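Trainee: Next up is a structure, given as structure tokens.
The values are calculated or read from the model by the stated rules, or taken from the named source; none is laboratory data. What you see is a predicted model; the values in this text were computed from it and never measured. Because the Cβ atoms are built from the backbone with ideal geometry, glycine has one as well, and the counts that use them run over all protein chains shown.
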Amino acid sequence: MRFVVDANILFAALIKDGTTRRILLFSEHEFFSPDFSIEEFKKHLPELSEKTGLEAAEINVLFEKIAKSAALKIVPFEKFFDAKSQAEKISPDAGDAAYFALALHLNCAIWSNDKEMKNQDAIKIFSTKELMQM
């Protein structure tokens, strides 16, 4: 199955070597994320460093390893720009519209633990718990 992965899922995989990281690294699923998530990663690097106890450079290396091992595909906004206006209409939070636009473009679900994202019926949202049950 294909999933758009929100930034908080990527953060969880960086912070703890747990279920989220294992799903990303060892499942048969395909994972995609908008290039916007890289900006989120950079913005939250100090917070991630504090939570992990790792230096920024170490977190960057870990992120690259996870992204490469999980075959995470970072998709430029220009590739799914055509779905932007529809995504803005269905996204419960304007800040999440890029994830919805990419999911619409790829015709796939979103992996997120943000319960608010489920407040729409156009895109299926899977939590980590639901992915574990698959």
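Per-residue answers, yes or no, for (1) out of contact with any Cys (no Cβ under 9 Å at 6 or more places or on another chain); (2) at pLDDT 95 or above:
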site: ALA83; (1), (2): yes, yes
site: ALA87; (1), (2): yes, yes
site: ASP93; (1), (2): yes, no
site: ASP96; (1), (2): yes, no
site: LEU102; (1), (2): no, yes
site: LEU106; (1), (2): yes, yes
site: SER112; (1), (2): yes, yes
site: MET117; (1), (2): yes, yes
site: PHE126; (1), (2): yes, yes
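Trainee: Residue by residue through region 20-37, note down the ones that are surrounded by fewer than 17 Cβ atoms within 10 Å (Cβ to Cβ) and either among the hydroxyl-bearing types (Ser, Thr, Tyr) or touching a Phe, Trp or Tyr at 6+ places or on another chain (Cβ under 9 Å) (or both).
Mentor: Within region 20-37, SER27, GLU30, ASP35 qualify.
Trainee: Would you confirm, using the coordinates I've provided, whether ALA57 is part of a loop (DSSP other than H, G, I, E, B) and either surrounded by fewer than 15 Cβ atoms within 10 Å (Cβ to Cβ) or modelled with pLDDT under 85 (or both)?
Mentor: For ALA57, the condition - part of a loop (DSSP other than H, G, I, E, B) and either surrounded by fewer than 15 Cβ atoms within 10 Å (Cβ to Cβ) or modelled with pLDDT under 85 (or both) - is not met.
Trainee: So, in region 61-81, exactly how many residues are part of a helix (DSSP H, G or I) and surrounded by fewer than 16 Cβ atoms within 10 Å (Cβ to Cβ)?
Mentor: Residues in region 61-81 being part of a helix (DSSP H, G or I) and surrounded by fewer than 16 Cβ atoms within 10 Å (Cβ to Cβ): 9 in total.
Trainee: With respect to VAL5, is the statement that it is under 23 Å from LEU104 (Cβ atoms), β-branched (Val, Ile, Thr) and touching a residue at least 60 places away in the same chain (Cβ under 8 Å) true?
Mentor: The answer is yes for VAL5.
Trainee: Also, I was wondering about something else. So ILE123 fits all but one of (1) among the β-branched types (Val, Ile, Thr); (2) in a loop (DSSP other than H, G, I, E, B); (3) exposed (fewer than 15 other Cβ atoms within 10 Å of the Cβ); what number is the exception?
Mentor: That leaves (3) as the condition not met.
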